[in-house]
Structure formats: C-alpha cells, structure tokens
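The values are calculated or read from the model by the stated rules, or taken from the named source; none is laboratory data. All values reported here derive from a predicted model rather than from experimental measurement. As a convention, Cβ positions derive from the backbone with ideal geometry for all residues, glycine included, and neighbour counts pool all protein chains shown. Side chains are part of the model used for accessible areas, which takes the heavy atoms of the whole protein and leaves out ligands, DNA and RNA. Shrake-Rupley method; radii C 1.70, N 1.55, O 1.52, S 1.80 Å.
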Amino acid sequence: MRKYLFYPGCSLQRNARAYLDSLMAIREFIGTEFEEIQDWNCCGATEYVAVHHLAAHALVGRNLALAEQQVNGTRTVMAACSACYLNLAKTDSYLRQDAHLAQQVNTALAAGELHYTPGSVRVRHLLDIIVNDVGIDAVKHKVVHPLKGLRVAPYYGCMIARPDRDNRWDNVEHPVALDRLVKALGAEVIDFPMKTHCCGGHMTQINLPVAYELIRRLIHGAAEYRADVLVTLCPMCQLNLDAYQGEMNRYFHTNYQVPIIYFTQLMGLAFGLEAETLGLGKEFVDARPALGRIGIELPAAEPEAEPVAAQQPRRKQKEQGLPMPRMPGSEEADA
Amino acid sequence: MTDQQSLSLRRDSLSPPLPSPGSFLEEVMDATPGDSRLQMCIQCGTCGGSCPSAADMDNTPRQIFAMIRADMREAVLRSNTPWYCVSCYYCTVRCPQEVHITDVMYTLKSMAIRDKLYDDSTAPDFSQTFIGYIENFGRSFEFGLATRHNLRHRPFQLPSMVPMGLGMLTKGRMDLTPQRIDRVEQLQAILSRAIELEVTG
C-alpha cells in the first residue's frame, strides 16, 4: 500500500462527488491509501488571487501547514482537482523561490499559530500518482472488463499540464499520460488535438457566450473524432462541458451529446466495479447509451425514469435529445 | 563552447532592465509574487495568438504589456482583458521571454478591484462573492454563489438556468447549505493578517 496525504477540495465534496466516489472505489485496486488533511479549507480556485494576492497564498499556506503537521511516512499531498493541485503546487513553488513572500505568508499563518516550511510537502496530481507511482502495467493487470470498442477522447484541461513549474509532465501542450492509461484499460484512444484546450473556466459565470464558444470547440472536436465519451480529470472541466452542454446546444442550435466522465470512473468500469459505486448517472449528458454499446449495463440515472427508459431501445432514446432533469412528480405534470 | 551555452551565458551576463522607480511597471512587478519578468516582454504577440478568449478582450495581452510600460495605469485597469483571462496558461508556457503572464493578469485584477476602475462589475463581483463564502465558511458554496450571482447579474437568463440548477440538486451535486470548517476563526485570523500585510508591505 502506498500512502498519500489527500486534499479533496470543495468540488469533490459535492458537484464532483462522482469523482471522489470512483476514486474511493478504485483505491485498493491500485494499492493506494489516502489520508485526508484535517480541516482543510478551500484553495481559492481562480478567484481569491484575483482579489488579494498575498492572502491567496496564506489561504493555500494554511492547507500546506496542516499537511506538514500530518507528514508521517509520506510527504506527498495528492489533489485530484486540477485547480486545487495547481494552487497548492504554485504556492509551494513561490514560497520556495521568494523568501520575502515566504516570510509574509508565515507572518500571516502565525496569526493562526501555524507555520509552513516551504518545500516540506510535495504536491502531486492524482493522474501523476497513478501513472508514475502505481504504473500503467499494474493498472493493466487489474483490468477484468477491457473497454474494447469504446472511443475515448482524453481531455486534460489546462491546469494540470501548465504552467508545470516542477516539470512533472512530458509535455505542457500534448501530454500523453492519460492517453496511455486509457489505452491500458482496453479502450480506443483518440489522438485528441484539443486535449489541453480551455473548458471555459470561470467564463460560465462572467460571460456565457464566451464560455459557450469555448465549450463548443471541445465538444465539436470530440464529436468530429467520433468519441463515445470524453474523459476528464478536473471537476471544473466536467461541470462546464457536462452541465452547460445543453445550454450550449440551445445557444448554437446544435445537438451534440458527448458524455463527460471522470477517468477514475472509466478505471472502475474496467476493473469490473458496479456503475453505481462509481457515481455514474450523476452526469447531465447520459453516459448509458455509449457504455451500453460495449456491454456495460448501467442503472437508470433517475429511479422514477426507469420504466420509461426500459421500454425504449437505446438508439431511439438517444434521438430524443438530452434527458431533462426530473423532479419527483414531474411525469404527472408532463402527462 | 556550444551555441546553446554561449546564448545562456549572454543572457545571464546581461542584467535585466529595471523598471523606473514609481512607474506602473514597477508597481505591477512588485505586486506579483516571484519574478514576473514583465520587463522582458519583446512585444512578439505570442500571448495573444495563444489566448482562447483574446477575440473578446478590449486589448490583447501584448497591448496590455505595452500599455503598462507606457504608464497607462487607468486604461489598463479599465480594460476587460485580465477578467477575460481563463487561466489556461497557454501564453505563460509559450512566452519566449518566460513572462509569468497569467500571474500578471491576477495582479491587474486585484489592482482594478482595489481602485474600483473596472466598469462591468460582473467579474469582480463573482470573485468577491466567491471569496466571501470562503472567508465565512472556509469552503466554497456553489448554491449560494450561483443563485446570488445570477440574481444580481443576469436575472433575465435565470429561467434558462433553472433546469440545470434543479438537475444539480436532484442529482445530489449541490448542497442547499454551506459546509463549514472547524477552525474558521483560525482561517479568518490568518486572512486578516495577510490582508493587513498587503497594505503595509
């Protein structure tokens, strides 16, 4: 068992719960153990630093200081969210380089009786740990249900590959770590040229047309390459590409339906785990038709929608367009 | 000696130009953590050419850097450019002069908020609402953020957002109440001290 300190981040608690659930479901298969940092706080995403630059580092500094207190056998802090990973890694990197900044951050931390020694923990992303510590061969060894016939667009987003001040990745624009991992699961990997293009980031909150265009480029790209699913490793990317895909379609009068799932969910399916334990069904763009084609049966996303879905052949269901979210009792209203 | 070595030696032997004291360039560089290398910009435009949202910006990043050097403080801080930065870091990794462009954009945002110069309040308000939840609870709070931000800044688009909001709730992807860390007072003490230090230096 390899042990790591774990920084879950706010998204994994809720909107990306499927990411956390699937990670917890596969952790024993990949021989890893994760110890959560006690009482961690939000990393500030891309917003805190836009308001207070020093306090943004102090905010992350508290997490690093708490992690340092928990160093015991391992000093590696794992983050699964790309924004959390980058914020933790970037603050540590700046504190190592800039003695004045380190001194100021520690003066702030002292107000909470904390202290952080720059460089005392090593921040790494989950994908880095799976590919480089666990290893592709070890993952391949656990595959019982190869995802044969599933065309996957591997999507990294921005903040895992860039700016990469610690040289963790093979390439800042065209990394291949996720490609290799997905291939080991038996899936067909698309050489996706937009693999590190932007998902829209916070533009979904600031200017929707700008965000829709960024989302459209990625979804259109994946559809052009006939991807069955797009696989992501970041909660923000998943949310923008999945939850806003319907609105994007309405805005451009298109009808793309590219399911967006986490790479950990795909790993779990290949390891033979039940779809429900992997949080499948929480996505807005239904992944069932795509996964059904390779013989993975998933339960209905919403229990009350099950009888309707069961009566219809999968293909026909896809032609109806996006499944709309349902509230209890909405069927009566529709009828 | 190889060309590579001579090039790197030459680069090291040249001391980088220092910004003039009291200039806007100096102010921006001082407020950016680490060495931003902003004074090294050669106006090549690789940044704007790599930017996914450059088409929607008032000024391309290259223009912004020329404006900073021309001491056009107010025009820079009124520009929508930093707010349309999506933090994708393409410009940062492609810049031949290794300017920390994304970090400079963050610095410009914080200056525009402090001086209240940016006219469209949508983006600054989003940042401030977001950090308000962090300061009160220690965690982000998506439901509060989404409803408050949308009601204030795009009430007419709200109906089209309702299906997504309901989907988030019924799929168990959003909480109606915020999560709170145990030692929120400790976090608040740290952040208050840091904000004081930002002012006093």
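Scan the range A:103-117 residue by residue and report those that are at the interface with another protein chain (Cβ under 8 Å from one of its Cβ atoms), open to solvent by less than 80 Å² (accessible area, probe 1.4 Å) and assigned to a loop (DSSP other than H, G, I, E, B).
The initial filter retains those residues of the range A:103-117 that are at the interface with another protein chain (Cβ under 8 Å from one of its Cβ atoms), namely A:104-105, A:107-114.
Those left that are additionally open to solvent by less than 80 Å² (accessible area, probe 1.4 Å): A:104-105, A:107-112, A:114.
Matches in the range A:103-117: A:Ala111, A:Gly112, A:Leu114.
Considering only residues that are in a loop (DSSP other than H, G, I, E, B) and at the interface with another protein chain (Cβ under 7 Å from one of its Cβ atoms), look in the range A:1-21 and name the one that is modelled with the lowest pLDDT.
A:Arg14
Restricted to the range A:118-132, and to residues there that are touching a strand residue (DSSP E or B) at 6+ places or on another chain (Cβ under 7 Å) and not in a strand (DSSP E or B), the residue that is nearest to the other protein chains (Cβ to nearest Cβ) is A:Val121. In the range A:22-102, counting only helices (runs of 4 or more DSSP H) that sit wholly within it, the ones holding 1 or more residues that are away from chain B (no Cβ under 12 Å) and open to solvent by 30 Å² or more (accessible area, probe 1.4 Å) span A:53-69. All conditions but one from (1) more than 7 Å from chain A (Cβ to nearest Cβ); (2) out of contact with any Asp or Glu (no Cβ under 9 Å at 6 or more places or on another chain); (3) under 30 Å from A:Ala65 (Cα atoms); (4) in a helix (DSSP H, G or I) apply to B:Thr177; the one that does not is (4). Among the residues of the range A:125-139, those that are open to solvent by less than 20 Å² (accessible area, probe 1.4 Å) and free of Cβ contacts under 8 Å to residues at least 60 places away in the same chain comprise A:Asp128, A:Val131, A:Gly135.
Among the conditions (1) open to solvent by 60 Å² or more (accessible area, probe 1.4 Å); (2) aliphatic (A, V, I, L, M); (3) closer than 19 Å to A:Ala65 by Cα, the only one that B:Leu187 does not satisfy is (1).
Listed here are the residues, each with its yes/no results for (1) within 18 Å of B:Asp115 (Cβ to Cβ); (2) in contact with a Cys (Cβ under 6 Å, 6 or more places away or on another chain); (3) modelled with pLDDT of 95 or more; (4) more than 14 Å from chain A (Cβ to nearest Cβ).
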| residue | (1), (2), (3), (4) |
| --- | --- |
| B:Ile42 | no, no, yes, yes |
| B:Ile64 | yes, no, yes, yes |
| B:Met67 | yes, no, yes, yes |
| B:Ser79 | yes, no, yes, yes |
| B:His100 | no, no, yes, no |
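A search for C-beta distances below 8 Å between a residue of the range B:177-201 that is in the same structural domain as B:Ala146 (by TED's automatic domain parsing) and any residue that is part of a loop (DSSP other than H, G, I, E, B) and among the acidic types (Asp, Glu), counting only pairs 6+ apart in sequence or on different chains, returns B:Ile181/A:Asp39; B:Asp182/A:Asp39; B:Arg183/A:Asp39; B:Gln186/A:Glu113.
Does B:Thr92 meet the test of being among the hydroxyl-bearing types (Ser, Thr, Tyr), farther than 25 Å from A:Cys10 by Cα and in a helix (DSSP H, G or I)? Considered against the rule, which asks whether it is among the hydroxyl-bearing types (Ser, Thr, Tyr), farther than 25 Å from A:Cys10 by Cα and in a helix (DSSP H, G or I), B:Thr92 comes out as yes.
I need the full set of residues from the range A:174-223 which are among the hydrophobic types (A, V, I, L, M, F, W, C), more than 30 Å from A:His145 (Cβ to Cβ) and surrounded by fewer than 21 Cβ atoms within 10 Å (Cβ to Cβ), in order please. Across the range A:174-223, the qualifying residues are A:Leu208, A:Val210.
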